[in-house]
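The values are calculated or read from the model by the stated rules, or taken from the named source; none is laboratory data. If you're wondering where the values come from, they're calculated on a predicted model, not measured in any experiment. Neighbour counts run over all protein chains shown; Cβ positions are idealised from the backbone, glycine included. Ligands, DNA and RNA are excluded from the accessible area calculation, which covers all protein heavy atoms including side chains. Shrake-Rupley method; radii C 1.70, N 1.55, O 1.52, S 1.80 Å.
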Amino acid sequence: MTERTLILVKPDGVARGLVGEVVSRLEAKGLRLVAAELRTLPRETAEQHYAEHAEKPFFGSLVDFITGGPLLALVAEGPRAIEAFRALAGATDPVKAAPGTIRGDFALEVQNNIVHGSDSPESAQREIGLFFPAL
Ligand code: IDP
């Protein structure tokens, strides 16, 4: 059964020239791109996207970071796409992420961890609706 997931190459990933690397890895895995757009997020969209973290101490910094430059928003699909991309991304904390994963290979700081991938079918539906309402 095909599933869709929302993926972001966050502003740190775009600034560091890692868009090609991320897209190449997900395509090599067999995920298929359905939508892609480079954009700078308004604060309101960022706050909605990360609403579950609104009470966390790092929320303000996270919103500053994710709105601080262009990001690449993607929708990809494939069998178990959500879990498949989370496995490619690696653990949230890049120091704990396994080498061979995107975060494990390219990041050191928990906030600036290169990519986002939806974590459940409910999140994917909500996030795809937020970023690509026409899909
Ligand atoms: P995920 O992106 O692996 O799903 P979440 O726990 O949902 O991880 O956190 C969302 C994002 O918030 C992370 O990807 C990271 O950018 C940031 N973040 C998470 N925990 C911290 C923290 O302790 N300090 C700063 N930023 C954090």
note = Relative contact order in percent for the stretch 61-116 (Cα pairs under 8 Å, 6+ apart) equals 24
message = Run the reach check for LYS29 against lysines, Cα to Cα strictly under 25 Å, same-chain hits fewer than 8 apart removed. What comes back?
response = LYS10, LYS96
request  = Using Cα pairs closer than 8 Å and at least 6 residues apart in sequence, work out the relative contact order for the stretch 1-89, in percent.
outcome  = 55
inquiry  = With a 1.4 Å probe and all protein chains kept in place, how do LYS10, LYS29, LYS96, LYS56 rank by accessible area, largest first?
reply    = LYS96, LYS29, LYS56, LYS10
ask   = So what is the accessible area of the chain per residue, in Å², with the probe set to 1.4 Å?
value = 51
query = What GluC sites (Glu not before Pro) in the stretch 1-63 are in a loop by DSSP, with at most 12 other Cβ atoms within 10 Å of the Cβ?
reply = GLU55
Whole-Hz couplings from phi, Karplus 6.51/-1.76/1.60, listed for the stretch 83-96; x for Gly and Pro = 5, 4, 6, 4, 5, 5, 6, x, 4, 3, 7, x, 6, 8
ask   = Of all the accessible heavy-atom surface of the chain, with the other protein chains kept in place and a 1.4 Å probe, what percent is carbon and sulfur?
value = 54
inquiry  = Can you say what percent of the DSSP beta bridges in the chain, counting only those with both residues inside, are antiparallel? Round to 5.
reply    = 95
remark   = tail above 21 Å in the computed P(r) of the chain, as % of all Cα-Cα pairs, reads 36
inquiry  = Using protein chains only and a probe of 1.4 angstrom, how many square angstrom of ILE128 are accessible, to the nearest 10?
reply    = 20
query = Rounded to the nearest 500, what is the chain's calculated 222 nm mean residue ellipticity when only DSSP H runs of at least 4 contribute -39500 (n - 2.57) each, over all residues?
reply = -11000 deg cm²/dmol
message = I need the phi-derived Karplus couplings for the stretch 107-114: 6.51 cos²θ - 1.76 cosθ + 1.60, θ = phi - 60°, integer Hz, Gly and Pro marked x.
response = 9, 10, 10, 5, 6, 8, 10, 6
ask   = Each residue of the stretch 3-20 in turn: what ³J(HN,Hα) in whole Hz from Karplus with 6.51, -1.76, 1.60 and θ = phi - 60°, glycine and Pro shown as x?
value = 9, 10, 9, 8, 10, 10, 8, 5, x, 5, x, 5, 4, 8, x, 9, 4, x
